[in-house]
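Novice: The structure's right below; bear with me while I get my questions together.
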Amino acid sequence: MGEENNKQQVVGSEYNLDAKWDACLDLGVRRFAYFSLIGGFAGLLLFRSPVTRWASTAFGAGTGIGSAYTECSQIFGGYPGKSTASVSETPITKDGEE
């Protein structure tokens, strides 16, 4: 019975990992497509040159991929968050000086 319980835990964790990968892939594709469309539409409204319109579309795609990457990092628990530097209240002095 103990082995069966361990198998269920292993299968459950593998399934959970697969579900996380599927969710992240889905999130990445959707955000890439939506943000590319938003960037392209904004480029049509704001810019005249085809080069700047493509740049706007590329910026939107990059923003979508970046936001999907950040959220997937949080899902997998690897997002470090903000860096908190500990600041000492005592000044740093050289040896022999005060």
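Novice: Would you mind calculating the gained length between LEU45 and ALA33 on full extension (0.36 nm times residue separation, minus the Cα-Cα distance), in nm to one decimal? Walk me through the numbers before you get to the answer.
Specialist: Details: separation 12, 0.36 × 12 = 4.32 nm, distance 1.85 nm.
Extending this stretch completely gives an extra 2.5 nm.
Novice: A follow-up question, please. Label LEU17 and PHE76 with points 7 Å out from Cα along Cα→Cβ: what is the distance between them in nm?
Specialist: Inter-label distance under the simple model: 1.1 nm.
Read-outs: derived from the displayed coordinates by stated rules, not from any lab. Note that the coordinates shown come from a computational prediction; the quantities given were computed from them, not determined experimentally. Glycine also receives a Cβ, built like all others from the backbone with ideal geometry; neighbour counts cover every protein chain displayed.
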